[in-house]
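Values in this text are rule-based calculations from the coordinates and carry no lab data. A quick note: this is a predicted structure, and the numbers were derived from the prediction, not measured. Note: ideal-geometry Cβ built from the backbone for every residue, glycine included; neighbour counts use all protein chains shown.
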Amino acid sequence: MNTCQTRHRKNTYLPRFRVTLVRENRASFPAAAIRDSRSAAELLAPHFRGIDREQFVVCGLDVKHHIIGLNVVSVGSLTVSIVHPREVFKPLILMNACALLCAHNHPSGDPTPSPEDHALTARLREAGDLLGITLLDHIVLGDTYNYSFADQGWPGA
């Protein structure tokens, strides 16, 4: 006698998802291409003016390095902003960016990057290489000067 019974499985219904990019509003940016860290910092500085918490933004760039979109990835506290590469690259993929520029502020005014900033930059470079979206620079904005990972030769990244 066979005690093994065959169980019939019911169909499992999984949710279907559609991923879309929603344009919330428009920010005014010059039509000029990003040439270097200085032009990038000048372009982004107004966005960070008066912000009392750390904020991390990513700019998607086209093949000529014109900004095609800006996304606020994270708003943190006075000293930290939690950023994961997944959240950085999701909007970039949706806007068909071929390169990215990321930036964040240090509310203390001192743009010296933290060990976490170095580690994040290294992860973003690796992820960008895998996805074919080049990280042009990671800029830390301070009160009187800025720090550019690209200008410094990508130390620790």
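Here the residues THR112, THR12, ranked from fewest to most Cβ neighbours within 10 Å of their Cβ, fall in the order THR12, THR112.
Rounded to the nearest angstrom and listed largest first, the equivalent-ellipsoid semi-axes of the chain from its Cα gyration tensor are 38, 19, 16. Note on TRP154 and ASP52: their simple-model spin labels are 3.8 nm apart, each label 7 Å out from Cα toward Cβ. Applying 1/(1 + (r/R0)^6) with r as the Cβ-Cβ distance of LEU14 and TYR145 and R0 = 41 angstrom yields a FRET efficiency of 0.20. Taking a sphere under 9 Å around the Cβ of VAL80 and counting the other residues whose Cβ falls inside, with K and R at +1 and D and E at -1, yields a net charge of -2. Please work out the FRET efficiency for the pair VAL72 and ALA45, using the Cβ-Cβ distance as r and a Förster radius of 22 Å; give the result to the nearest 0.05. The computed FRET efficiency comes out at 0.90. All other residues whose Cβ lies under 11 angstrom from that of HIS65 are scored, Lys and Arg at +1 and Asp and Glu at -1, for a net of -1.
Straightening the chain between ALA127 and GLU87 buys 13.2 nm, computed as 0.36 nm per residue apart minus the Cα-Cα spacing.
With Cβ to Cβ distances under 13 Å as the rule, what net charge do the other residues near PHE48 carry (K, R +1; D, E -1)?
For residues surrounding PHE48, the net value is -2.
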